[in-house]
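One structure is given here, and the rest of the page talks about it.
Throughout, read-outs are computed from the coordinates displayed, never taken from laboratory work. Please read these numbers as outputs of a predicted model, since none were measured by experiment. Glycine also receives a Cβ, built like all others from the backbone with ideal geometry; neighbour counts cover every protein chain displayed.
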Amino acid sequence: MNPNYVKIFDTTLRDGEQSPGFSMNTEEKVRLALQLERLGVDVMEAGFPAASPDDFTAVERIAKAVKTVEVCGLARAMDADIRTTWDAIKEAKMPRIHTFIATSPVHMQYKLKKTPEQVKQMAVEAVTLAKSFCDRVDFSPEDGGRSDRDFLVDILEAVIKAGADTINIPDTVGYLTPEEFEALMRYLIKHTKGADKVIWSTHCHDDLGLGVANSLAGVRAGARQIECTINGIGERAGNASLEEVVMALQTRKDFYTLEHGIDSTEIFRTSKLLEQITGQKVQPNKAIVGKNAFAHESGIHQHGMLAHPETYEIMTPESVGVDKTNIVLGKHSGRAALAARLIDMGYQLESDQLNEIFTDFKVLADKKKEIADSDLAILVHGEFAEANQTWSLEKYELGSGDSKQAFAALTLKNHKTNEILAAKADGSGMVDAAYNCIKQLCGEHGTLTEFKMDAVTSGIDAQAVVNVRLAQTDGRVVTGRAGDTDIVKAAILAYLESVNKSL
Ligand code: KIV
Ligand code: ZN
């Protein structure tokens, strides 16, 4: 192993996905996993198989689909979790089990209700069992940042002896400063017997906005793996952002003198795919992938950029794959050009799916002169959504004005019964009226807790994308997402998608 190589362990599909608003279905997870493979991550944590049957299936599908990246499943330090995790990942080309148990006094006393000795024993048993299935075993002392250092040394020596090949130190609550995290990592590497036989890893949360700084501090102390997520998503304030740690290592190679295996030109595309799948946009000033990350607005900056790009740009937009001319297709583009573009965007489609998308593409191209990748992503999303629908929109008519009540008339098809049903309703606006029609026809399917609208490209002919969230009575939250050049139609389709998912 090259001592200067930093492994990138992506946990977007696990720590990222478990945070509110970022849940993905299995198809979406597989799509993102394939893009993470193109991005060149070394390990992807595909999920927490013991958490639910859906999580299990998603991890299993990813394990079969991904060929060149280690696929990891997370397991609590418990017999059943480890067996379930192994079942989910066993068909991966390079399977990995990541097991963890909390080691801080507050977690051991109040959450686990276990003594340090019991925790150590559970950790050793978990790693021993994991190792009996799988060569690659990661161990994390959860809340490591607030754990007693000498207890950490004790438990880590024991799990290394039991077969862990990677020791990941989580700052679970994002509490440490970079100086403290660096010192902790140095202490553990220096005092733990067997430290030279394992890879040390960081897992830093961003509660104080220090996730990236702490990860890089860990690397300075000798860590050679960073656990991180696309767009920095994750529990609470998120995890260290993959694009930020990678571009820091790359742009400041003079300082870190370290290498990584990420194809940085795939960063922007991966970030966008995550946005498209979850409907959660990064803030415009987000480092590396935000809309303004490479924008130069003020006169002084523009003048400097024209004189020489290095005046205000420490890395080029091209190095992270920001394609300034994102407009790729138009009315005259053929099926082959569309297929090539979709493959380039990371979509693997069956030929009948491509035919359907091509039909929708032509309809859209008649309304819009230029079709951007983000437009195509919405068409593909619509096609995938149609595959599992119970209800679909047949016809709609809307009306509103300052002297009349907004109304909607909708005709829907029920694909289970083959019935075509119609309803009319008033509302506070056209969207509300349309949603009242859907409730009449499909019944109540939870409470609408979020309604968000965005334009995917600029201009009056842009597609509006609507994201909705419906909270179910059993605690589940289902999301719906759709785009159209007609804002209200996008809203109707998004709501119908969430109803279909709730069924
Ligand atoms: O934050 C954390 O401690 C975790 C562990 C499971 C590694 O996510
Ligand atoms: Zn975490």
Counting Lys +1, Arg +1, Asp -1, Glu -1, what net charge surrounds L441 among other residues with beta carbon under 14 Å of its beta carbon? +2
Show which aspartates and glutamates lie in cross-link reach of K501 when reach means a straight Cα distance below 18 angstrom and same-chain residues fewer than eight apart are skipped. E17, E27, E28, D54, D55, E383, E386, E444, E450, D474
Pick out, in residue order, every one of the trypsin sites (Lys or Arg not before Pro) in region 157-220 that is DSSP loop and has at most 16 other C-beta atoms within 10 Å; say none if there are none. K193
Report the FRET efficiency, 1/(1 + (r/R0)^6), for E444 and K93, where r is their Cβ-Cβ distance and R0 is 45 Å, rounded to 0.05. 0.50
Compute the length gained on full extension between E117 and A340: take 0.36 nm times their separation in residues and subtract their Cα-Cα distance, giving the result in nm to one decimal. 74.5 nm
What is the angle, in °, between the Cα long axis of helix 116-133 and the longest principal axis of the Cα atoms in the chain? Nearest 10 is fine, range 0 to 90. 70 degrees
Pull up all non-local amide H partners of K291: gap of 5 or more, or a different chain, and H-to-H distance under 5 Å with H placed in the peptide plane. K286
Rg and Dmax in Å for the chain, alpha carbons only: what are they? 24.7, 79
Could you list the square roots of 5 times each eigenvalue of the Cα gyration tensor of region 7-278, that is, the equivalent ellipsoid semi-axes, sorted largest first and rounded to whole Å? 26, 23, 17
Less than 16 Å from a label point 7 Å out along the Cα-to-Cβ axis of R83: which backbone N atoms in region 134-169 qualify, by residue? 134
Taking 0.36 nm per residue of separation and subtracting the Cα-Cα distance, what length does fully extending V363 through T251 add? 36.0 nm
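Starting with the highest mean, order 412-420, 335-343 by the number of other Cβ atoms within 10 Å, averaged over the residues of each peptide. Mind dumping the intermediate values first?
Working: 412-420: 13.1, 335-343: 15.2.
Output ranking for 412-420, 335-343: 335-343, 412-420.
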For the chain, share of DSSP beta bridges that run antiparallel, in % to the nearest 5: 50 percent
Starting from the 7 Å offset along Cα-to-Cβ, what nm value, one decimal, do you get for the label separation of R149 and L349? 5.7 nm
The simple spin-label model distance between D454 and R38, using points 7 Å out along Cα→Cβ, in nm, is 1.9 nm
What is the sum of charges, Lys and Arg at +1 and Asp and Glu at -1, for the other residues whose Cβ falls under 9 Å from the Cβ of N168? -2
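Over 29 Å between C-alpha atoms is what I'm after, so list which of K64/K113; K29/K331; K367/K413; K67/K331; K111/K197 land there. Mind dumping the intermediate values first?
Numbers: K64/K113 38 Å; K29/K331 31 Å; K367/K413 25 Å; K67/K331 37 Å; K111/K197 32 Å.
Check vs 29 Å cut-off fails for K64/K113; K29/K331; K67/K331; K111/K197.
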Between E318 and K190, the FRET efficiency computed from the C-beta separation at R0 = 45 Å comes out, to the nearest 0.05, as 0.60
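Using DSSP to call loops (not H, G, I, E or B), can you name the GluC sites (Glu not before Pro) in region 84-167 whose Cβ has at most 13 other Cβ atoms within 10 angstrom?
Details: sites: E91, E117, E125, E142, E157; in loops: E91.
Those satisfying the criteria are E91.
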7 Å from Cα along Cα→Cβ at both K161 and D486: what's the point-to-point distance in nm? 7.1 nm
